[in-house]
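Let me begin by presenting the structure, written as structure tokens, before commenting on it.
The values are calculated or read from the model by the stated rules, or taken from the named source; none is laboratory data. Bear in mind the structure is a predicted one, so any value in this text is a computation, not a measurement. Positions of Cβ are backbone-derived with ideal geometry, glycine not excepted, and every protein chain shown enters the neighbour counts. The protein model used for the area step is the full one, side chains on, heavy atoms only, and it has no ligands, DNA or RNA in it. Shrake-Rupley method; radii C 1.70, N 1.55, O 1.52, S 1.80 Å.
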Amino acid sequence: MYSHRGFTLIELMVTITVAAIIMAIAVPSMQILRANSRVASAANELATDLKKARTESVLTRRNQTLASIDSSMSTNTWGNKGWRLTQVVAGATQVMLENNRVPAGIFINGTPTTIVFVASTGMVQTTAGATVNMTFRVCDNQSTKETGYDVQINQFGRVLTLKHANSTVC
């Protein structure tokens, strides 16, 4: 009797076919998972920085200005280059926080591109002094199946992060 060792060609082909089917199912799911993670990360960073800006304004008793780093590209883009938190001390502008770690392909839209947190109340205003309720729309332009997030801040500085129900919002 002969002892058989190794694989037959048929066994090898069946194994490769099963592996190809598993990969065909797993790869798109991983891409969507990666896009969801990138958008959630950007939305959470923005929400954290909004909360920090309000807290800093009340604690330091100085108005804090949060602005898009590169607002010249678009009138409502926050996510191309990130955002910066500044305050004015003795006539000089100090950078308190700068977030330029927005992943490539993530866009954050919101109007206006500059908001001010008032020191005495923590309220959110435009640079002209009008109170503002604002929604930042966080989307991934590299994925059509990622639904995106809204980061909302009301005039009192309360921040809320909401996931979109479907991908047509972005």
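Listing for the model above:
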item	result
Ser37 versus Ile21: modelled label distance in nm, points set 7 Å from Cα along the beta carbon direction	2.8 nm
Thr15 accessible area, 1.4 Å probe, all protein chains in place, Å² to nearest 10	90 Å²
Gained length - Thr8 relative to Thr144, 0.36 nm times residue gap less alpha-carbon distance	44.7 nm
Helix-only [θ]222 nm of the chain, DSSP H runs n ≥ 4, -39500 (n - 2.57) each, per residue, nearest 500	-11500 deg cm²/dmol
Centre separation in Å (Cα based) which lies between the stretch 100-170 and the stretch 15-94	10 Å
Separation of the Val89 and Asn166 label points, Cα + 7 Å toward Cβ, nm	5.1 nm
The chain: angle of helix 9-60 to the longest principal axis, Cα-based, in degrees nearest 10	10 degrees
Highest-MSF residue in the chain out of Ile25, Ile69, Ile108 [GNM, Cα springs under 10 Å]	Ile25
Enclosed volume per residue, in Å³, of the convex hull spanned by Cα atoms of the chain	165 Å³
Solvent-accessible surface ranking, highest first, for Cys170, Cys139 at 1.4 angstrom	Cys170, Cys139
Neighbour-limited loop hits for trypsin sites (Lys or Arg not before Pro), the stretch 1-58 (at most 14 other Cβ within 10 Å; DSSP other than H, G, I, E, B)	Arg5
Average Cα contact separation per residue, the stretch 65-151, under 8 Å, 6 or more apart, as relative contact order %	24 percent
Amide hydrogen neighbours beyond the local backbone of Met96, cut-off 5 Å, H modeled	Leu85, Thr86, Gln87
Histogram of C-alpha separations across the stretch 20-116, 10 Å bin width, %	15, 38, 25, 12, 7, 3, 0
